[in-house]
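Enquirer: This is the structure I want to talk about, given as structure tokens.
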Amino acid sequence: MNPRYLHSIDELDNLVGLMPKEREEMELVTKTFPFRANEYYLSLIDWKNLHDPLRRIVVPDPRELKGGGCPDPSCENNFTRLPGLQHKYDQTGLLLLSDVCGGICRFCFRKRLFIGCVRETIHDVSAGLDYIRSHPEITNVLLTGGDPLTLETRRLEAVLKELREIGHVNIIRIGSKMPAYNPYRILNDPALAAALARYSTPEKRIYVMAHYNHPKELTNISLQAIELLHRAGVVVVNQTPVLNEVNSDPAIFTQLFRKLSFAGISPYYVFQCRPSLGNRVFQTPVERSFEIIQQAWETCSGLAKRARFVMSHATGKIEIVGKTANHVFMRYHQAADTADIGKMLVFKSNPLARWFDDYLNNAVHDTLPFGIPKMHWLF
């Protein structure tokens with residue numbers, strides 16, 4: 001099976017049958033934020049349920065047009081060294097290989113790639129590879145976009161080959177939602193598994209950074225694709241944002257964490273949904289997101305709760321590590337300025353905060369009353 005891709009609401013209507021009003025609303029949304037999906041993923045949706053979580057992930061919602069957000073909430077432009085090459089953290093380089101995905105997530109933090117005319121990805125990555133060669137501090141490279149698995153295997157393999165010839169690059173990561181959106185991309189192309197097996201070695205592994213947002217996406221077919229990746233020597237981990245009306249429920253996250261760990265997929269990051277254009281409807285307040293994850297872990301094994309809950313802020317990956325009735329505790333898990341890595345931050349509780357910037361005017365500078373160890377104050 002090679003599922004057909006749909007790019008318009010007209011095609012979606014022909015496939016599933018839409019009510020005239022919802023079709024009109026969706027078409028209005030797509031004038032700003034494009035639509036893309038495929039028949040496999042759409043078949044997983046219960047079309048009788050307007051609140052189906054997978055519908056929320058991929059089908060346009062008129063609430064996306066209510067404003068707010070910005071095109072580049074993590075200020076990726078500040079760390080773009082060459083077209084298609086980002087270098088924010090010393091040890092990590094990013095190559096943006098594609099501006100195409102298996103589906104367009106409605107909450108995408110890089111939706112500027114789909115709505116703007118300025119290209120940030122590049123077909124010829126030779127300059128980016130030269131940059132990586134000349135920076136020995138880069139020990140791992142993330143291939144991203146868009147989705148690198150939308151590329152032809154021969155093009156992806158050419159990049160893998162060149163990266164493997166760079167001695168200081170020990171880890172290659174491929175950020176992809178294709179195992180969820182279209183597992184047949186992996187199952188139907190033996191050359192892809194062969195290429196991954198060729199360049200994922202016992203000393204230097206390839207990691208696939210999967211994007212399962214809801215347990216419904218972990219179908220039998222999808223898990224067959226994961227097994228093929230495992231057999232190729234690829235390590236598969238998962239990352240997902242907390243998404244309002246998709247997985248913003250402890251029971252859903254418990255199911256997701258469990259199913260991932262049962263299948264040998266390590267939960268890696270849980271993100272606070274970034275404030276990109278149109279994303280307000282998907283954002284759950286930070287402290288509520290933290291509580292959802294903590295409650296979800298109550299009935300999970302240690303293997304199922306290895307993820308860190310972070311915000312990918314312009315200044316770094318800020319992990320939320322705890323809260324009391326009055327305060328929220330954070331630390332820099334990773335930082336653009338290496339001097340900030342590990343620094344603790346304490347803020348007054350703000351139940352309405354949806355992003356790190358919402359806390360900055362509430363920073364705590366004095367000693368807390370409950371005898372915690374001395375902390376490094378950043379603000």
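Enquirer: Please find the FRET efficiency linking residue 349 to residue 165, where r is the Cβ-Cβ separation and R0 is fixed at 51 Å, and quote it to the nearest 0.05.
Expert: 0.50
Enquirer: Among the GluC sites (Glu not before Pro) within the stretch 262-320, which fall in a DSSP loop and have no more than 14 other Cβ atoms within 10 Å of their own Cβ?
Expert: On the way: sites: 287, 291, 298, 319; in loops: 298.
Within the stretch 262-320, the qualifying GluC sites (Glu not before Pro) (loop, at most 14 other Cβ atoms within 10 Å) are 298.
Enquirer: May I ask you to order 44-52, 339-347 by the average number of other C-beta atoms within 10 Å around their residues, highest value first?
Expert: Sorting 44-52, 339-347 by mean packing, highest first, produces 339-347, 44-52.
Enquirer: To continue, here is another question. Starting from the Cα of residue 263, step 7 Å along the direction of its Cβ; do the same at residue 16; then give the gap between the two resulting points in nm.
Expert: Taking the two extended label points, one gets 2.0 nm.
Enquirer: Would you kindly state how much longer the chain becomes between residue 82 and residue 158 on full extension, computed as 0.36 nm times their sequence separation minus their alpha carbon distance, in nm to one decimal?
Expert: Extra length from residue 82 to residue 158 when fully extended: 25.4 nm.
Enquirer: How far apart, in nanometres, would the label points at residue 126 and residue 326 be if each is projected 7 angstrom from Cα along the Cα-to-Cβ direction?
Expert: Rounded to a tenth, the inter-label distance reads 6.3 nm.
Enquirer: With respect to the cross-link table entries 161/259; 21/111; 88/343, which display a Cα-Cα separation exceeding 27 Å?
Expert: 161/259
Enquirer: Can you compute the helix-only [θ] at 222 nm over the chain? Use -39500 (n - 2.57) per DSSP H run of at least 4 residues, normalise by all residues, nearest 500 deg cm²/dmol.
Expert: Here the helix-only value at 222 nm equals -8000 deg cm²/dmol.
Enquirer: Now for a separate question. What shape does the stretch 1-53 take by its C-alpha gyration tensor, where a ≥ b ≥ c are the square roots of the eigenvalues and a/c under 1.5 counts as rounded, a/b above b/c as prolate, and the rest as oblate? If you can, show how the numbers build up before the last one.
Expert: Working: a/c = 1.77, a/b = 1.22, b/c = 1.45.
Note, shape of the stretch 1-53 comes out oblate.
Enquirer: Further question on the same structure: When every alpha-carbon pair in the chain is counted, what percent end up more than 39 Å apart?
Expert: Values: 10404 of 71631 pairs.
Result: 15 percent of Cα pairs exceed 39 Å.
Values quoted throughout were computed directly from the atomic coordinates according to the rules given, and no laboratory measurement underlies them. Quantities reported herein were computed from a predicted structural model and do not represent experimental measurements. With ideal geometry, Cβ positions are generated from the backbone for all residues, glycine too; neighbour counts draw on all protein chains shown.
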